[in-house]
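Here's the structure, in structure tokens; my notes come after.
What follows is calculated from the coordinates using simple rules that are stated; it is not laboratory data. None of these values were measured; they are calculated from a predicted model.
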Amino acid sequence: MSDANNEYWSRKNVFITGINGFIGGNLAKSIIDKGANVFGLLRNQRKDTFLYYEGLSNKINFINGEITDLILMKRIISEEQINVVFHLAAQVEIGVGITNPFLTFETNIKGTYTLAQAIADCPQTIESVIIASTDKSYGSYGKEKMPYKEDYPLIPIYPYDVSKACADMIARCYASDIFNLPIVVTRFCNIYGPGQLNFSALIPDAIRSALGYTTFIPRGDGSQERDFIFVDDVVKLYLSMAKALSLNPSKYLGEVFNAGTNKVHTVKSVIEQIYDLIDNKLSLKKITKDMVGKKTIGEIECQYMDYEKVNKFFKWEPKHNFNEGLIKTIKWFEGYLKKDL
């Protein structure tokens with residue numbers, strides 16, 4: 001980004017929920033480099049994360065607590081004089097959503113309206129709020145309706161998808177003329193890249209297995225179709241959105257933005273590409289054999305995104321093609337996974 005953009009972020013007080021996660025960690029790294037004061041909410045003290053691995057933990061003001069604690073959220077917003085909020089905290093496991101929907105609803109729905117109410121109660125220093133929804137909020141429309149468009153009604157069924165759709169609508173409610181908070185909602189496709197240590201996600205799971213640390217267990221026949229976007233492209237878009245919203249709230253307030261690459265990949269092709277890049281063809285042969293006839297529960301068959309609207313508003317488009325992103329991600333994991341050897 002330009003020096004002018006760096007100047008904007010210098011000395012801003014930025015609050016990131018979910019900072020110890022993959023996207024929150026990458027976002028924090030970028031904003032710290034631009035001179036912002038970063039505050040991060042921690043639910044637990046896990047140190048096996050991107051932030052700690054990258055040596056960034058001593059540059060962040062960590063606050064321990066729950067996203068559902070209204071008093072704590074109000075204290076953070078008011079006492080730290082927060083300017084920009086990125087709400088990324090969520091229970092993201094689709095499987096956990098099915099086995100423990102209450103936890104998923106508490107974190108993703110209550111967490112969102114708690115944070116939004118805290119901002120509504122203490123709005124004095126707030127300039128922009130970015131709330132992360134997901135492509136899963138749309139529900140299943142069928143391949144013929146792809147890519148998703150922002151004006152599609154949200155029709156989710158599965159617990160995780162429902163929780164994110166509810167949070168999405170709550171965010172837009174707080175951006176309405178009732179509350180008039182400077183909020184935009186993002187619905188991005190699957191994000192991948194360095195630091196994605198949720199090994200239930202396809203790409204880190206496949207990389208770790210292809211490098212020989214674990215055995216990859218297919219969760220379906222590999223026919224599901226998905227769009228994948230590299231985390232650096234997401235971070236740049238988040239920064240552009242937050243700055244634009246703070247400088248011209250009337251133009252962006254309450255808007256929803258999809259982002260992806262508008263390129264679809266089957267799960268099977270992603271696994272094959274990773275194993276080919278790592279040159280582990282022997283293991284790949286067994287994996288593809290094990291996929292045959294295997295059914296997936298609780299997942300939508302086809303999802304990918306259009307970025308026409310976000311390009312129109314922010315002149316944004318993804319800079320990394322999938323192969324480039326995978327190569328960078330594999331290189332990072334090679335270093336990370338060797339750390340304990």
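By the rule of a C-alpha distance below 20 Å, with chain neighbours fewer than 8 residues away ignored, the lysines paired with Lys286 are Lys268, Lys294, Lys295.
To the nearest 500 deg cm²/dmol, what mean residue ellipticity at 222 nm is calculated for the chain from DSSP H runs of n ≥ 4 alone, each contributing -39,500 (n - 2.57), summed and divided by the residues? If you can, show how the numbers build up before the last one.
Numbers: 15 runs with 148 residues, N = 341.
That calculation yields -12500 deg cm²/dmol at 222 nm.
A convex hull fitted to the Cα coordinates of the chain yields 130 cubic angstrom per residue. GNM on the chain, alpha-carbon springs under 10 angstrom: the most fluctuating residue among Tyr307, Tyr252, Tyr152 is Tyr152. In summary, no aspartates and glutamates lie within cross-link reach of Lys47, defined as a Cα separation below 13 angstrom excluding same-chain residues under 8 places away. Considering only Gly21, Gly193, Gly95, the mean-square fluctuation computed in a Gaussian network model of the chain, springs between alpha carbons under 10 angstrom, is largest for Gly95.
Over the chain, Cα pairs under 8 Å with separation of 6+ residues give a relative contact order of 18 percent.
Within the chain, the selection of entire DSSP H helices by a Cα span of 20 Å or greater along the long axis and an average Kyte-Doolittle value of at least -0.5 returns 159-174, 231-247, 322-338.
Counting only residues at least eight positions apart within a chain, or on another chain, the aspartates and glutamates with an alpha carbon under 16 Å from that of Lys251 are Glu127, Asp177.
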